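One structure below.
The values are calculated or read from the model by the stated rules, or taken from the named source; none is laboratory data. As the structure is a computational prediction, the values presented were derived from the model and not from experiment. Cβ coordinates were reconstructed from backbone atoms using ideal geometry, including for glycine residues, and neighbour counts include every protein chain displayed.
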């Protein structure tokens, strides 16, 4: 206890908030790192200057000593490091860049920036401790907790260049700007990555999705349209006939969604925050090309509406002088986007922003503790709504569905003001067209393994594209030898469904999945299955010989006894598409290291332990069986990753005494409620696609 009676590590009553103090420190340290990098630039420029070379030739004794001192300042460990320019201008500059890379980029500026990032992470976790459980934060923490700072710099550089890891990092909204600044110091280049590219092509909406698209112009209707686009790289352009009979155009732009694939659209980690710093980005260029393809006449009136990164993009378009000379931008409305002081190119454009104080995307430095300065009453072209929503947990408070509900229930005055401003767009929709945005600079996510033809399947949560694609997942399959009679008692009553025998025992598999990025959103999955024989002609040791066959030619498979998932979308797809017995439960898993952990308080299940030495084995393609009515459903899963076989002695399963059924009862009947697996098949990172369920007459 302190002398004032407070505990160490807790804020002093009436004192500054720890998160604010840490943020201020991080900002100061980052400015120091940028100053060090600027000194490095000037030192390298001086070393390669022609005047210094000429002076050294005239006075070699003092000139060489001066050059040596400058060179030592740049290359000593830790030195100032090489210059940050992207194009080496001389042989000396190129040599300095090579020396910097040989040290792993661990120069003084990078090490100081690393300290700034650690302070920023501590500040974010002080305000939002729930982010500590996210995959992106775990990846970042693992990189920053290396034994030496030089190793941490190398690990962070590799992480920032990994496009798969960027999908996980995209959920860390309050850290992205800091990550980009540190990335520039580590790599010696800006985050822009060259001239942005973009494209757009017209696509058709499915019948189910078209039925939920608004047919009358209104603020909530336009926002619901954006929500229906599912952040899969599409925008919507609608022609609306106003009360005066004039046809006007409404552009509706979604943002990014942590845990969903990027496809080949320009909404990615770097693009989202590049839009804050420059009006020209892949997203804005793609929007311009979509409007050109739509055939909007020059001088037509436009309303631009966007959420998250889409809000950034439409505000940037309103600042683009060439765009505003082509079209008459009457309104630009951003929901859940950082507002800032943005001045439109056309002074007649009406700018509106709606932000939740607890939304880390809209307020990346945390919610304000002081009231916002009131807007200028004389400025009738700006309208800003900032409110404290009931939900503080991120990313829930950033979802567009939450903003729509808040506008409907908590902010009726703001909704009425926005609708009144959009009065020229209140009328019937005469044309609706969706456009898929393209980023030609990068291949689609998961290419070529996940570049597949898909088809929409109707479900109670909307259409789902099948095969379902998993872009970034981790898994651990715990394999237990069990009594065949106990396994048979858990299978359906049909006599043709029998467990496969491996000698005198059957095989049960407890599968743990951490799906960080999928087409149905991120979720955690815990499944119990039993290896079963061919449904028509069971043969001895078919399960062994099937390992030599392609998954689509295998006769055996795993019958799913119980499945627990953490999201409603995953539950509906598992039940309605794959025919598996599924429950929605709270669970969390960390399967990316040698120490694996999975915990579900709702199930009363804990799996933890350390994986021993392992050997590589083929990808875990598999056939899964479920039941729908009186038929059996067969689903094929194809995976691509680095699967390894580990002994199971270091991993243990524990069940609470009041563990939830049906999974707990099945584990106990199989005798594995407190057992150790025979072996574990683990893969810390893989891609997969799971097709639709084929119903069999068995």
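Surrounded by 18 or more Cβ atoms within 10 Å (Cβ to Cβ) and at pLDDT 85 or above, is that true of residue 449? Against the criterion (surrounded by 18 or more Cβ atoms within 10 Å (Cβ to Cβ) and at pLDDT 85 or above), residue 449 does not qualify. When 412, 428 are checked against the criterion of being in the same structural domain as residue 216 (by TED's automatic domain parsing), in contact (Cβ under 8 Å) with a residue 60 or more places away in the chain and farther than 30 Å from residue 641 by Cβ, a single residue qualifies: 428. Counting the residues of region 633-673 that are in contact with a helix residue (DSSP H, G or I) (Cβ under 9 Å, 6 or more places away or on another chain), surrounded by fewer than 16 Cβ atoms within 10 Å (Cβ to Cβ) and closer than 20 Å to residue 597 by Cα gives 1. Being surrounded by fewer than 19 Cβ atoms within 10 Å (Cβ to Cβ), at pLDDT below 90 and in contact with a helix residue (DSSP H, G or I) (Cβ under 7 Å, 6 or more places away or on another chain) is a property that residue 537 lacks. The criterion of at least 2 residues that are modelled with pLDDT under 90 and more than 16 Å from residue 310 (Cα to Cα) is met by the following strands (runs of 3 or more DSSP E) wholly inside region 193-260: 199-203.
For residue 492, state whether it is surrounded by fewer than 19 Cβ atoms within 10 Å (Cβ to Cβ) and within 26 Å of residue 459 (Cα to Cα). Write out each step before concluding.
Values: surrounded by fewer than 19 Cβ atoms within 10 Å (Cβ to Cβ): yes; within 26 Å of residue 459 (Cα to Cα): yes.
Yes, satisfied.
Testing residue 456 on (1) surrounded by fewer than 17 Cβ atoms within 10 Å (Cβ to Cβ); (2) under 30 Å from residue 578 (Cβ atoms); (3) modelled with pLDDT of 90 or more, one condition comes back false. Which one is that? For residue 456, the exception is condition (3).
Within region 676-690, which residues are crowded, with 17+ Cβ neighbours inside 10 Å and over 15 Å from residue 620 (Cα atoms)? Across region 676-690, the qualifying residue is only 677.
Against the test of being at pLDDT below 90 and either buried (at least 21 other Cβ atoms within 10 Å of the Cβ) or assigned by TED's automatic domain parsing to the domain that holds residue 663 (or both), the options 548, 528, 561 yield a single qualifying residue, 548.
Select from region 495-511 the residues that are closer than 26 Å to residue 590 by Cα and buried (at least 24 other Cβ atoms within 10 Å of the Cβ) and list them in ascending order.
Result: 508, 510.
Taking the stated definitions as given, is residue 531 in contact (Cβ under 8 Å) with a residue 24 or more places away in the chain, touching a strand residue (DSSP E or B) at 6+ places or on another chain (Cβ under 6 Å) and more than 16 Å from residue 636 (Cα to Cα)? Criteria not met by residue 531. Scanning region 39-63 for residues that are surrounded by fewer than 13 Cβ atoms within 10 Å (Cβ to Cβ) and in a helix (DSSP H, G or I) gives 42, 50, 51, 54, 57, 58, 60, 61, 62.
Does residue 568 satisfy the criteria of being over 15 Å from residue 626 (Cα atoms), in contact (Cβ under 8 Å) with a residue 40 or more places away in the chain and touching a helix residue (DSSP H, G or I) at 6+ places or on another chain (Cβ under 9 Å)? Taking the combined requirement at face value, the residue does not satisfy it. Filtered by the rule that a residue be part of a loop (DSSP other than H, G, I, E, B) and in contact with a helix residue (DSSP H, G or I) (Cβ under 7 Å, 6 or more places away or on another chain), region 571-591 gives a lone residue, 580.
Determine, yes or no, whether residue 446 is touching a residue at least 24 places away in the same chain (Cβ under 8 Å), within 20 Å of the chain's Cα centre (by Cα) and outside any helix (DSSP H, G or I).
In short, yes.
Just to be sure I understand, how many residues within region 207-257 are surrounded by fewer than 19 Cβ atoms within 10 Å (Cβ to Cβ), within 25 Å of the chain's Cα centre (by Cα) and farther than 24 Å from residue 408 by Cβ? Going through region 207-257 one residue at a time, the tally reaches 1.
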